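The block underneath contains the structure these notes are about, expressed in structure tokens.
The values are calculated or read from the model by the stated rules, or taken from the named source; none is laboratory data. Model, not experiment: these values are computed from the prediction. A quick note on method: Cβ atoms are made from the backbone with ideal geometry, for glycine too, and the neighbour counts reach across all protein chains shown.
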Amino acid sequence: MRCPFCADDNSQVKDSRPTEDSTAIRRRRQCEGCGARFTTFERIQLRDLTVVKSENRREPFDRAKLEKSVQIACQKRDIEQERIDRLVSGIQRQIETSGESEIQAQKLGEMVMEGLRQLDSVAYIRFASVYRDFNEARDFEEFASNVKDMGGK
């Protein structure tokens, strides 16, 4: 594993343990070159996944990008990181077990929306405002009233 500090290719695993939700292995490593310590995560990947964007552009599925989007929506909300990790892992698992190697970006966005709707109504509205491209305050009002009608948290 390449060291993020000095780019040395040699590191030694000092500790390994499963993550809270058992979807990954957390490894503490120490670089043999500079002695720095860093953490890596090893996850199961059933197949290479591709996200089909607008105009049929394709890009590899990136779990980190998905996680960042969810974290931005959940910013300054009292939501534990473990719950965010479970949401992202659940979405990734759904995609991987679907049997398809490609997923439409729109479907992926809907999966995130559904997960956030169940997690936190404010995060759900935040994500929707970007995903659905709200342009005016009225867009927020209409969407928020629908969330309220659905009994959002």
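Quick rundown of the values:
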{"read-out": "Arg63 being assigned by TED's automatic domain parsing to the domain that holds Ser121 and within 20 Å of Phe127 (Cβ to Cβ)", "value": "yes"}
{"read-out": "Meets criteria (buried (at least 18 other Cβ atoms within 10 Å of the Cβ), assigned by TED's automatic domain parsing to the domain that holds Pro60, modelled with pLDDT of 80 or more and out of contact with any helix residue (DSSP H, G or I) (no Cβ under 6 Å at 6 or more places or on another chain)) for Leu116", "value": "no"}
{"read-out": "Complete set of residues in segment 15-32 that are loosely packed, with under 15 Cβ neighbours inside 10 Å and part of a loop (DSSP other than H, G, I, E, B)", "value": "Glu20, Asp21, Ser22, Glu32"}
{"read-out": "Selection count where residues are surrounded by 18 or more Cβ atoms within 10 Å (Cβ to Cβ) and either out of contact with any helix residue (DSSP H, G or I) (no Cβ under 6 Å at 6 or more places or on another chain) or free of Cβ contacts under 8 Å to residues at least 40 places away in the same chain (or both), scope segment 97-110", "value": "1"}
{"read-out": "Given (1) under 17 Å from the mean Cα position of the chain (by Cα); (2) in contact (Cβ under 8 Å) with a residue 24 or more places away in the chain; (3) closer than 23 Å to Pro4 by Cα, index of the condition Glu67 fails", "value": "(2)"}
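To keep it simple, each residue is scored yes or no on (1) at pLDDT 90 or above; (2) touching a Leu at 6+ places or on another chain (Cβ under 7 Å); (3) closer than 30 Å to Phe5 by Cα.
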site: Thr39; (1), (2), (3): yes, no, yes
site: Thr50; (1), (2), (3): yes, no, no
site: Asp62; (1), (2), (3): yes, no, yes
site: Arg93; (1), (2), (3): no, no, no
site: Ile125; (1), (2), (3): no, no, no
site: Asn135; (1), (2), (3): no, no, no
site: Asp139; (1), (2), (3): no, no, no
site: Phe143; (1), (2), (3): no, no, no
